[in-house]
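Report on the structure given below.
Every number here is computed from the coordinates shown, using simple stated rules; none is lab data. It should be emphasised that the depicted structure is a prediction, and the values quoted were computed from it without experimental measurement. Using ideal geometry, Cβ is built from the backbone for each residue, glycine included, and neighbour counts are taken over all protein chains shown.
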Amino acid sequence: MKNKITLLILFLNITFINAQSNEINTYYLSSELNLGNYIGIDLNLNFITKKKYTFKIGYTGNLRFLKSEPDNFATINDILPFAGPYEHFKSYQIVIGKIYELNKKRTIRANLSFGLGLTTIREPKNWVLNNVTPESRGYYTWDTEKYNIISLIINPKIEFPFTRFYGLTISPMLQINKDRTYFGIGIGQMIGLLKGSKNQKNVKV
């Protein structure tokens, strides 16, 4: 009888250890193209714990055409349209969240996350008109104002981990601070250890 009890306890312990080892932390890189009131890129290092909580360290770099540009503004932009100047909006972020599986195959999941970002805003100011002639456009010089501010980051994602190591993402993003708001949607990819194998599921003993 004692041997049977000992074997039962040993069996339960082995089963419990196997169940725990099947729950693994995962990590991956993600990159996205952002489209919204700014345009830019989003680069992130992501971690998912055994309990499906997420932690992300990320960077977004965005820009847009000037809103403060004088009506008769002209620079080298007339020749090189992507040379600037632009308004810049970039953030270094720390974000936490939770994963929710949306199908049994675990190829679609929601990553609901929020956090804080250190945002740098850089934009032209103090336009000065130079070398203007009648019936011509004005050529301007300007100063660049740059400052940092804390933003609230709201970044729910729909992730498609098609394999253990590669997937796609669609991610609305909202960055809010006291000066301005960024809103847009990102489309990108994930590379890394996205999930465990099919038999690596949570098992209750």
In nm, to one decimal, how far is the modelled label at PHE65 from the one at VAL128, with both set 7 Å along Cα→Cβ?
-> 2.7
Expected sort for 41-53, 96-108 on mean C-beta neighbours within 10 Å, highest first, is 41-53, 96-108
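Treat the count of other C-beta atoms within 10 Å as a stand-in for reagent exposure and order GLU87, GLU32, GLU159 from fewest to most. Walk me through the numbers before you get to the answer.
Values: GLU87 19, GLU32 25, GLU159 22.
Arranged by neighbour count, lowest to highest, GLU87, GLU32, GLU159 become GLU87, GLU159, GLU32.
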Estimated distance in nm for a label pair at THR120 and ILE24, the labels positioned 7 Å out from Cα along Cα-to-Cβ = 3.7
For LYS178, LYS157, LYS56, ascending order of other Cβ atoms within 10 Å (fewest first) is LYS178, LYS56, LYS157
What nm value, rounded to one decimal, do you get for the distance between ARG106 and PHE165 when each label is placed 7 Å out toward the C-beta?
-> 1.7
Between TYR53 and ASP143, what FRET efficiency follows from the Cβ-Cβ distance if R0 is 45 Å, with the result rounded to 0.05?
-> 0.50
Please compute the net charge surrounding ILE121, taking Lys and Arg as +1 and Asp and Glu as -1 over other residues with Cβ under 12 Å from its Cβ.
-> +3
Residues whose modelled amide H sits under 5 Å from the amide H of LEU112, counting only those 5 or more places away in sequence or on another chain, are LYS98, TYR100, LYS157
How much FRET efficiency would the formula 1/(1 + (r/R0)^6) give for ILE39 and LYS178, where r is the Cβ-Cβ distance and R0 is 25 Å, rounded to 0.05?
-> 0.60
Taking neighbour counts of Cβ atoms within 10 Å as a proxy for exposure, in what order, fewest first, do TRP142, TRP127 appear?
-> TRP127, TRP142
